[in-house]
Amino acid sequence: MRLAGTAIPASLILAACSPAPEEETVAEQEAQQFETGSYEVDPETGETRAVVNNEDGTTTMRAGETVVPRLPKGFSIYPGAEIRNTIQIGRDEATGVMVSLASEDSPADLVGFYRRQAEAAGVAIELDLQTAAMTMIAGESPDGTSFAFQASGATGETSGQLTLRRGLN
């Protein structure tokens, strides 16, 4: 059957082309997510990058095996240690870094190394915990830098995690 001369109101045509209310909500959510930040993973290196925008400002994060840690003055990676992962976070002058590493040296050697660095940087060691499985030291300096290092391991490999933070809450 053919309808000759039938006029279709323009409002019906426009309504058919307009997104459904649910689609508008999804689009609005995607726009809001873009405004509040981003997240991406480099397919070649596996490095993760994220940006978060909120009332505190813009915070950036990079994480992965190939991320070079930016350590505060006076701190360094244990000589000969292999970096397994780094998480670097920053917002204006506030910074944080967590480095997972491995070494053939003993947990006591690594803990001693980081204790000397922390004390030389003005960190008062307030936590010194030793168990059969691991050792952890932690403290804070007068400028607000938080420090923690933990090490564990069996013969042949020590796993360690260095965490330094200032100004991030």
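The values are calculated or read from the model by the stated rules, or taken from the named source; none is laboratory data. Note that the coordinates shown come from a computational prediction; the quantities given were computed from them, not determined experimentally. Positions of Cβ are backbone-derived with ideal geometry, glycine not excepted, and every protein chain shown enters the neighbour counts.
Can you spot a residue in the range 56-79 that is at pLDDT 95 or above and basic (Lys, Arg)? No, there is no match, as no residue in the range 56-79 is at pLDDT 95 or above and basic (Lys, Arg). Among the residues of the range 129-169, those that are closer than 18 Å to Glu93 by Cβ, out of contact with any Asp or Glu (no Cβ under 9 Å at 6 or more places or on another chain) and not in a strand (DSSP E or B) comprise Ser141, Pro142, Asp143, Gly144, Thr145, Leu168. Give the residue that is farthest from Met98 (Cα to Cα), with candidates limited to residues of the range 142-165 that are of a type in the set (Val, Ile, Thr) and surrounded by fewer than 19 Cβ atoms within 10 Å (Cβ to Cβ). Here the residue is Thr155.
For the range 53-78, the set of residues classified as closer than 19 Å to Ser159 by Cα, out of contact with any strand residue (DSSP E or B) (no Cβ under 8 Å at 6 or more places or on another chain) and not β-branched (Val, Ile, Thr) consists of Ser76 only.
Residues being closer than 22 Å to Glu140 by Cβ and assigned to a strand (DSSP E or B): count how many of those fall in the range 102-125. Result for the range 102-125: 2. Screening Gly139 with (1) free of Cβ contacts under 8 Å to residues at least 24 places away in the same chain; (2) surrounded by fewer than 17 Cβ atoms within 10 Å (Cβ to Cβ) gives one miss only, at (2).
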